[in-house]
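Enquirer: Encoded as structure tokens, here's the structure I'll be asking about.
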Amino acid sequence: MGTLDSKKAVVIGYDAVSPLGNDLETQWRRALAGTSGVGPLTRFPLQPDFPVRVAGQLPDIDQEPYPFLSARHQAAWHSPIFKYGMLSVARALQRSGLDIDAGIADRVAVTYSSAVGGLDAVLASDRKMREEHRLPHPYANPNSCINMVGGKIAIQTGARGPILATITACATGLTSLLVGAMLLAQDRADVVICGAVDCPLVEPIVAGFHTMNGAYNPTRGQEHEAPERASRPFSIDRRGFVPSEGAGAIILATREFATAHGLASPIELAGWSMTSDAHHFVMPHMDSIQRCISEALSDAGVSGIDIAAVNAHATSTKVGDQVEYDALCEVFGTHLPPVSANKSLIGHAMGASSALETIFTLRGMEENCLPPTINYRPDPNMELDCVAEGQRTLIQEHVLKNAFGFGGCNACAVFRKISER
């Protein structure tokens, strides 16, 4: 609180690529229709005993008319985080109407990041050395640097302001936004390119999610259950998260800059908080999550009754969903608003998940509707309205977005629709 209104962060553009599709309009229509983007895992050959068989996979985008998707570029920057991340930013900037010219480049920051980064490049190089006795590609190490996706985006756009990688595991996308708002509030930038990309569907990473009891594991006898049924947040029969891929870009600007440049900015980041569990490396902690939510509401100057909806973190794990629900109940009491869980539609895209879910939040606020939480079967330990019946018309002046990550990283944000203040 205390940030001058002129430096308040407003959203001027966004774009995404997700398992629901390539272009944003298709993704949004499919989300509202309750269509799942989860399907069979085909990103690499599966051995008969491989424990994970379903995933949310990104569509091919090689035909997009952008120079950074040329065959030559992709041969050098072969980790998919680069083409998907750079595409999401290019289209978000197009939607915003902002041209980053020499007059503003020094005041454009980049916080776009990744949780997993280009680990696939290191793994591919290791296999090539062991199986073919060939040294790594000269771009192998640059491909693997997590901050390099932000660096490539800066080169792509000409942004010359502060640049940093905000890595908070599965909260990375939202944290990128909050750190961007800090830069705006401190007058270190006028515009920030925020968001995250992750493409973690690499054999040892996916298998590792299984061995830590995180990834979807069907009940014995239900191994052939339809893939689109696998991701079921808050449901009594939830069985873990579905690993997926995604990229989401959100362009922030100060209200002052957006007004001066005639840029549409219907939604502002009204308030936020970040906390640390300091408790367990993966198990969420209710007290610090509750505090994160409460502080975000306080920072926005609102109370629980003002929140029209919650876009939940909701990974479909037994403990995680319960802790988030308990924290929400502590904050909202008997006035818990509708809770939408987008991972039921797209799976869990690691650091990119909260960027994608924020974009769905923003779009829902603009269109006065909520996408459904699919595959829901009520859990008697969690009495909540998770929009299970299908898309819902709902005017939303304030929406809470939650994101939590390994290592006890919590991020919560309150968005406000400016036009209805």
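The values are calculated or read from the model by the stated rules, or taken from the named source; none is laboratory data. A quick note: this is a predicted structure, and the numbers were derived from the prediction, not measured. As a convention, Cβ positions derive from the backbone with ideal geometry for all residues, glycine included, and neighbour counts pool all protein chains shown.
Enquirer: Which residues, taken from region 334-372, are modelled with pLDDT of 95 or more, in contact with a helix residue (DSSP H, G or I) (Cβ under 7 Å, 6 or more places away or on another chain) and surrounded by fewer than 24 Cβ atoms within 10 Å (Cβ to Cβ)?
Expert: Selection gives LEU336, ARG363, CYS369.
Enquirer: Next question. Does ASP106 satisfy the criteria of being out of contact with any His (no Cβ under 8 Å at 6 or more places or on another chain), over 24 Å from GLN74 (Cα atoms), surrounded by fewer than 19 Cβ atoms within 10 Å (Cβ to Cβ) and in the same structural domain as LEU252 (by TED's automatic domain parsing)?
Expert: It is true that ASP106 is out of contact with any His (no Cβ under 8 Å at 6 or more places or on another chain), over 24 Å from GLN74 (Cα atoms), surrounded by fewer than 19 Cβ atoms within 10 Å (Cβ to Cβ) and in the same structural domain as LEU252 (by TED's automatic domain parsing).
Enquirer: Any idea which of GLY13, GLY37 is crowded, with 20+ Cβ neighbours inside 10 Å and in contact with an Asp or Glu (Cβ under 9 Å, 6 or more places away or on another chain)?
Expert: GLY37
Enquirer: Taking THR26 as the residue in question, decide whether it is of a type in the set (S, T, N, Q), under 26 Å from GLN222 (Cβ atoms), surrounded by fewer than 21 Cβ atoms within 10 Å (Cβ to Cβ) and not assigned by TED's automatic domain parsing to the domain that holds CYS386.
Expert: So THR26 does not fit the description; no.
Enquirer: Conditions first: (1) modelled with pLDDT under 95; (2) at negative phi. ALA411 passes all but one, so which condition is the exception?
Expert: The single condition ALA411 does not satisfy is (1).
Enquirer: Sticking with this structure for a sec: Would you be able to say whether some residue in region 131-148 is in a helix (DSSP H, G or I) and in contact with a strand residue (DSSP E or B) (Cβ under 9 Å, 6 or more places away or on another chain)?
Expert: No - not one qualifying residue is present in region 131-148.
Enquirer: Can you go through HIS313, HIS280 and tell me which one is buried (at least 24 other Cβ atoms within 10 Å of the Cβ) and either hydroxyl-bearing (Ser, Thr, Tyr) or assigned by TED's automatic domain parsing to the domain that holds ILE374 (or both)?
Expert: Only one candidate passes the filter, namely HIS313.
Enquirer: Evaluate the following for VAL310: is it of a type in the set (Val, Ile, Thr) and in a loop (DSSP other than H, G, I, E, B)?
Expert: No; evaluated as a whole, the condition is false for this residue.
Residue by residue, here is whether (1) surrounded by fewer than 24 Cβ atoms within 10 Å (Cβ to Cβ); (2) at pLDDT 95 or above; (3) more than 26 Å from GLY408 (Cα to Cα) holds:
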| residue | (1), (2), (3) |
| --- | --- |
| GLN156 | yes, yes, yes |
| GLY161 | yes, yes, yes |
| ALA165 | yes, yes, no |
| CYS170 | no, yes, no |
| GLY180 | no, yes, no |
| ASP187 | yes, yes, yes |
| ASP190 | yes, yes, yes |
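Enquirer: Which ones in region 373-403 are of a type outside the set (S, T, N, Q), crowded, with 20+ Cβ neighbours inside 10 Å and farther than 16 Å from ARG238 by Cβ?
Expert: If the condition is that a residue be of a type outside the set (S, T, N, Q), crowded, with 20+ Cβ neighbours inside 10 Å and farther than 16 Å from ARG238 by Cβ, then VAL387, HIS398, VAL399, LEU400, LYS401, ALA403 are the ones that fit.
Enquirer: If I go through region 283-307 residue by residue, how many of them are over 19 Å from the mean Cα position of the chain (by Cα), assigned to a helix (DSSP H, G or I) and closer than 30 Å to GLU228 by Cα?
Expert: Counting residues in region 283-307 that are over 19 Å from the mean Cα position of the chain (by Cα), assigned to a helix (DSSP H, G or I) and closer than 30 Å to GLU228 by Cα gives 1.
Enquirer: Go through region 272-320 and give me each residue that's of a type outside the set (A, V, I, L, M, F, W, C) and on the phi > 0 side of the Ramachandran plot.
Expert: Matches in region 272-320: GLY301, SER316.
Enquirer: Still on this structure, I have one more. Given the conditions (1) at pLDDT 95 or above; (2) under 19 Å from MET148 (Cβ atoms); (3) β-branched (Val, Ile, Thr), report the number of the one that VAL122 does not fulfil.
Expert: For VAL122, the failing item is (1).
Enquirer: Shifting gears a bit: Within region 126-145, can one find any residue that is at positive phi and not charged (D, E, K, R)?
Expert: yes
Enquirer: From GLU357, GLU389, GLU330, GLU324, which residue is within 13 Å of the chain's Cα centre (by Cα) and either in a strand (DSSP E or B) or not assigned by TED's automatic domain parsing to the domain that holds GLY150 (or both)?
Expert: GLU357 is the lone residue from the list that is within 13 Å of the chain's Cα centre (by Cα) and either in a strand (DSSP E or B) or not assigned by TED's automatic domain parsing to the domain that holds GLY150 (or both).
Enquirer: Only one of (1) closer than 22 Å to GLU397 by Cβ; (2) hydrophobic (A, V, I, L, M, F, W, C); (3) under 21 Å from the mean Cα position of the chain (by Cα) fails for ALA314. Which number is that?
Expert: (1)
Enquirer: Tally the residues that are assigned to a helix (DSSP H, G or I) and touching a residue at least 24 places away in the same chain (Cβ under 8 Å), restricting the search to region 152-172.
Expert: Summing the residues that are assigned to a helix (DSSP H, G or I) and touching a residue at least 24 places away in the same chain (Cβ under 8 Å) in region 152-172 gives 6.
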